[in-house]
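Enquirer: Got a structure for you, questions after.
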Amino acid sequence: MKLKLEWMSQLRVAAGQARQSVECEEGTRLEQALRLALEQLPPDRASALSALLLDGEALSPSLLIAVDEIQVPIGTDPSLSDGATLVLMAPIAGG
């Protein structure tokens, strides 16, 4: 199945692109899809993006993730369907 990812703000800068497509098996879960996306990027981009996406081995709890315009609750790992669009945002702080 094919998924569409949209990287927002600093995730876009780290990935070096605003959008990415990922091919994966039916029933792939969110975290697995994001790890596949990291594998497709050049090593320097994958490293920069990984630092923002992951907190140790798990997804960072500060990420805001939506699948097909529905926010994914923190700590959940939903199964994805063909053609799903994932939108990912990292928090931005400043004054």
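Enquirer: Can you name every residue in the range 60-75 that is touching a residue at least 24 places away in the same chain (Cβ under 8 Å), in a loop (DSSP other than H, G, I, E, B) and under 20 Å from E25 (Cβ atoms)? So that I can check it myself, show each step before the final result.
Expert: As a first pass, look at the range 60-75 and keep what is touching a residue at least 24 places away in the same chain (Cβ under 8 Å): 60, 62-65, 67, 72.
Okay, now just the ones that are also in a loop (DSSP other than H, G, I, E, B), so 60, 62-63, 72.
Across the range 60-75, the qualifying residue is only V72.
Enquirer: Residue by residue through the range 10-59, note down the ones that are touching a Leu at 6+ places or on another chain (Cβ under 6 Å), outside any helix (DSSP H, G or I) and either modelled with pLDDT under 95 or of a type outside the set (S, T, N, Q) (or both).
Expert: Correct list: V22, C24.
Enquirer: Further, regarding this structure: Return only the number of the condition from (1) surrounded by fewer than 18 Cβ atoms within 10 Å (Cβ to Cβ); (2) touching a helix residue (DSSP H, G or I) at 6+ places or on another chain (Cβ under 9 Å); (3) closer than 17 Å to P78 by Cα that L34 does not satisfy.
Expert: Failing condition for L34: (1).
Enquirer: So for the range 16-23 (the condition being without any contact (Cβ under 8 Å) to a residue 40 or more places away in the chain and among the acidic types (D, E)), does at least one residue qualify?
Expert: We begin by selecting, within the range 16-23, every residue without any contact (Cβ under 8 Å) to a residue 40 or more places away in the chain; these are 16-23.
Narrowing further to those that are among the acidic types (D, E): 23.
Yes, the range 16-23 contains a residue that is without any contact (Cβ under 8 Å) to a residue 40 or more places away in the chain and among the acidic types (D, E).
Enquirer: Mind counting the residues in the range 76-86 that are hydrophobic (A, V, I, L, M, F, W, C) and assigned to a strand (DSSP E or B)? Give the steps one after another, and end with the answer.
Expert: First pass over the range 76-86, keeping only residues hydrophobic (A, V, I, L, M, F, W, C): 80, 84, 86.
Next cut, assigned to a strand (DSSP E or B) only: 86.
Count: 1.
The values are calculated or read from the model by the stated rules, or taken from the named source; none is laboratory data. The model shown is predicted, which means the values in this text are computed figures rather than measured ones. A quick note on method: Cβ atoms are made from the backbone with ideal geometry, for glycine too, and the neighbour counts reach across all protein chains shown.
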